[in-house]
1. Can you compute the modelled spin-label distance between Asp60 and Ile121, with each label point 7 Å from Cα toward Cβ, in nm?
2. Quick one: net charge around Asp28, please, counting Lys, Arg +1 and Asp, Glu -1 for every other residue with C-beta under 12 Å from its C-beta.
3. With only Lys, Arg, Asp and Glu charged, each at its Cβ (+1 for the first two, -1 for the last two), find how big the charge dipole of the chain is about the Cα centre; round to the nearest 20 debye.
4. A 25 angstrom limit on the alpha carbon distance is what I want to check against. Which of Lys261/Lys285; Lys272/Lys337; Lys264/Lys337 exceed it?
5. Take Asn324 and Ser139, extend 7 Å from each Cα along the Cα→Cβ direction, and tell me the distance between the two endpoints in nm.
6. Could you work out the relative contact order of the chain? I mean the mean sequence separation of Cα pairs under 8 Å and 6+ apart, divided by the number of residues, in percent.
7. Largest first, please: the extent of the C-alpha atoms of the chain along each principal axis, to the nearest Å.
8. Could you give the length gained by full extension between Leu128 and Leu312, i.e. 0.36 nm per residue of separation minus their alpha carbon distance, to one decimal place?
Amino acid sequence: MLSDSLDYNHTSHWVSAVIEADRPLPIDNPVLASIVRFGTLPNAFFLFVVTVGRARVPEDFTIAIFFAVVWLNIGPALIWYYDERVMPTFFREVTELVENDERITALSEKYDHFFSDQYWIPTGLWTLLLLALFFRSQSYLAAEGMFTVGGPYYFVFLISVVWLGVFTGIGFIGVLTTMLVIRELSSEPLNISPLHPDGLGGLGFVGYYAIRTTLTFSSGSLLLPLAFIFVRTSEFTVLIYLIVVSYMGFIAVSFAYPTYKINKQAQRMQEKQLDQLRREYERAKRRVRSGSRVEGDGNTTDLQEVTDQLRLQHIREEYQNYQNVRLYPFQVDIIVKLVSSVVLPLVFLAIDQYLI
């Protein structure tokens, strides 16, 4: 019987804590809580852009800001989802694959704290990169009439860049957490179940863990139109395509690496089990051939022979079950989600090229 998922939810990311807070008013729906508690400031900024700053902000920049604001409304809910649902569920389900419950509990605690406590490292680096890009582009943005450097509008945009960096940077720690969890898990003895209802030896949940991480990270494609505008301040416009290709590659790796690692370990465990069954079959076959029987009347001898034959048949069937099990955690719905995640940046590149 699987343990309750709460057993593997040791701490909460500060974003999750804010979403689940009862003050000033409890909001049961995490998406609504995300919009109210984290989307209010970006929404106010966008309202400022389309009203007070409408004459200052070009239309293409307004559209790009809109996409970014949409993500800032739902992004914190995605962080909550990964922290409070995806990771605990994964560790709850992995208890079917790894028999060492203490090891799983230790891993869940380690990486729950890693995601909740170490987010500031990639977030800080990412925010600094966005600030550097903003400062490099400020002369271009000022020339476009969006603000005067050092003026009040300038600081509104500066604060918005920091706000964007803080939340988008957390996505990187989510991908890193998934990769590290799977890397450690791939060194554990896995209990492959040939008759598991997922048809994948019990590995199906690994694919779902990876694809949920990938989908969450790929939602950052909403920010690409804004990035493209900043990049255009550079003479190297090919950088736009490099960003898209690199982002697509990182999305693909965020799924491929975890599934590859767990699949290789599962293959090793499968080969080990097949070798054990083969040896067991040879030993049982030698006993039959040697004619060793329990001394007694003919009925006892016949019963022993039937028992030996049944044992050989059982080993053959078990061997075939292990040999035929599909270990790679791919399913049609997972493949569709993966392809859509990888292609999503191309959609926003097309929007940028033909609409913005």
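1. That separation, rounded to one decimal, is 3.8 nm.
2. Here the charged neighbours net out to -2.
3. That gives a dipole near 900 debye.
4. Lys261/Lys285; Lys272/Lys337
5. The two pseudo-label positions are separated by 7.1 nm.
6. Reported as a whole number, the value is 20 percent.
7. Computed over the Cα atoms, the extents are 105, 47, 27 Å.
8. Numbers: separation 184, 0.36 × 184 = 66.24 nm, distance 6.59 nm.
Contour length minus the Cα-Cα distance gives 59.7 nm.
The values are calculated or read from the model by the stated rules, or taken from the named source; none is laboratory data. Keep in mind that this is a model prediction, so the values were computed, not measured. Positions of Cβ are backbone-derived with ideal geometry, glycine not excepted, and every protein chain shown enters the neighbour counts. The area values use the complete protein model at the heavy-atom level, side chains included, leaving out ligands, DNA and RNA. Shrake-Rupley method; radii C 1.70, N 1.55, O 1.52, S 1.80 Å.
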